[in-house]
1. Computed over the Cα atoms, what is the radius of gyration of the range 1-62 divided by 2.2 N^0.38 Å, N being its residue count?
2. Would you check the accessible area of H270, probe 1.4 Å, heavy atoms only, in square angstrom rounded to 10?
3. Once the whole set of protein chains is in place, how much accessible area is left on R390, using a 1.4 Å probe, in Å² to the nearest 10?
4. Report the one residue of F88, I118, T200 whose Cα lies farthest in the direction of the positive end of the charge dipole of the chain (charges on C-beta: Lys and Arg +1, Asp and Glu -1; origin at the Cα centre).
5. With the full set of protein chains in place, find how many percent of the accessible area of the chain is carbon and sulfur; take the probe as 1.4 Å.
6. Using protein chains only and a probe of 1.4 angstrom, how many square angstrom of E310 are accessible, to the nearest 10?
7. Ranked from the most accessible area to the least, with a 1.4 Å probe and all protein chains present, what is the order of T20, T123?
8. From Cα pairs below 8 angstrom and at least 6 apart in sequence, can you work out the relative contact order of the chain, rounded to a whole percent?
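The values are calculated or read from the model by the stated rules, or taken from the named source; none is laboratory data. Computed from a predicted model, the values in this text were never measured in an experiment. When we count neighbours, we look across all protein chains shown, and the Cβ atoms used for this are built from the backbone with ideal geometry, even at glycine. The protein model used for the area step is the full one, side chains on, heavy atoms only, and it has no ligands, DNA or RNA in it. Shrake-Rupley method; radii C 1.70, N 1.55, O 1.52, S 1.80 Å.
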Amino acid sequence: MKQIYFHSVTLDKDKCRGCTNCIKYCPTEAIRVRNGKAVIIKERCIDCGECIRICPYHAKKAVTDPFDSIRNYEYKIALPAPSLYGQFGPEYTRKRILKGLLGLGFDQIFEVARAAEIVTMATQKYLKNPEIKKPVISSACPAVVRLIQVRFPSLIDRLIKIKSPMEVAAILAKNDAMRKGIPADRIGAFFISPCAAKVTSVKAPYENSRSDVDGVLAMKNIYVPLLEQMKKQKTAGDTHFDLSGSIGVSWAGTGGESSALGKGRYIAVHGIRNVNAILEQTVRESLKDIDFIEALACPEGCLGGPLVAENPFVAKANLRNEAERASTGIGQAPLDDDQQYIWESNVEYRPILKLDDDMVKALVKMQRIDELTDELPGLDCGACGAPSCRALAEDIVRDNAVLTQCIIKLREKVDELESE
Ligand code: SF4
Ligand code: SF4
């Protein structure tokens with residue numbers, strides 16, 4: 001069966017100048033430049049957003065839902081990611097931000113930070129199970145889950161099979177609304193997202209048949225209207241919100257999720273290349289003394305997501321401020337039944353490196369790639385549109401490129417013809 005892929009990260013062809021800057025930064029070698037324009041190979045892309053960050057011409061973008069899509073629902077719920085609190089200076093307290101969201105047209109707010117605390121408690125329980133193989137890997141960052149899906153199949157079983165804070169927040173918020181008598185089909189839950197990977201995980205979930213989130217709004221798109229709204233409102237007044245404690249707020253930064261777990265041997269890694277390196281070490285079983293790996297694809301974690309408005313280092317200071325203002329520790333009561341937050345299905349291996357279903361043919365192709373790589377100049381210049389000489393060799397073996405796309409090989413060929 002042919003697999004259908006949804007990707008939030010897409011190319012604006014008109015803006016792309018074919019400069020090849022993006023091809024070398026893609027962690028899964030998913031980009032080629034062909035006929036002067038970048039092309040994303042769908043099977044390989046994990047929606048990490050690295051190419052959005054790197055493109056000097058803003059030709060890569062994340063497709064999110066327009067703000068007006070909230071009007072498709074009678075009862076509108078905002079699910080702000082905790083990274084939203086880092087986008088504004090100290091005068092904009094969490095309550096002001098949440099009241100500002102109400103002012104923009106939402107009927108209810110449910111902090112994803114509260115759901116993060118629930119996920120923390122569920123993870124603490126999960127880690128006590130003596131049967132699980134350690135280190136276990138957080139599944140909170142969808143780009144990391146996708147990376148494991150395409151490159152590290154042996155680590156799929158290490159992923160914590162607990163729904164993400166975004167999904168848990170959507171379930172709890174909708175339950176609250178239904179208890180008020182609002183019919184389920186009139187409720188829309190909208191996540192305010194720092195990244196493209198979350199959009200993909202909502203539109204094409206890997207762990208459930210469907211997401212409980214109905215739409216994803218880009219944080220940077222909501223930033224200006226929210227700021228204007230907060231300026232208009234001046235204070236949060238006496239509006240009541242159920243708030244998370246400092247643990248939930250801190251989840252947005254690097255180390256937030258792992259330090260929330262309390263004592264233990266944890267690694268907090270951020271930035272897709274660093275994540276890749278740690279996952280390679282995990283495969284080699286050289287991290288046996290580690291219990292838990294918090295892995296976030298973006299530099300500085302969600303505060304460095306491609307859809308945020310503020311510089312991640314400034315956002316970090318803002319977030320720290322907000323965490324200090326919050327009640328210490330976990331503000332959320334544990335849930336009696338956490339079974340509904342367990343993944344409904346396991347993620348599947350999506351092999352991008354497989355050359356052929358037939359083992360013998362695959363070995364022959366692998367050998368051909370090695371030979372071609374030796375034949376190519378080894379400059380990894382990117383002029384052929386592939387990220388490295390080996391990637392071009394693989395493209396040739398897969399019948400997606402020809403040897404003379406290498407400009408040095410082309411020159412050799414021309415010289416050869418001229419001397420005949
Ligand atoms: S960085 Fe990639 S997407 Fe951006 S202009 Fe260059 S080739 Fe095109
Ligand atoms: S989003 Fe990430 S994986 Fe996808 S093409 Fe861009 S850099 Fe590559």
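1. Values: Rg = 11.0 Å, N = 62, 2.2 N^0.38 = 10.6 Å.
Computed over Cα atoms of the range 1-62, the ratio equals 1.04.
2. 50
3. Ignoring ligands and nucleic acids, R390 comes out at about 100 Å².
4. In the chain, that residue is F88.
5. Values: 9930 of 19450 Å².
Whole-percent figure for carbon plus sulfur exposure: 51.
6. Accessible area of E310: about 60 Å².
7. Numbers: T20 40, T123 5 Å².
Of T20, T123, the descending order of accessible area is T20, T123.
8. Numbers: 753 pairs, mean separation 90.6, N = 420.
That works out to 22 percent.
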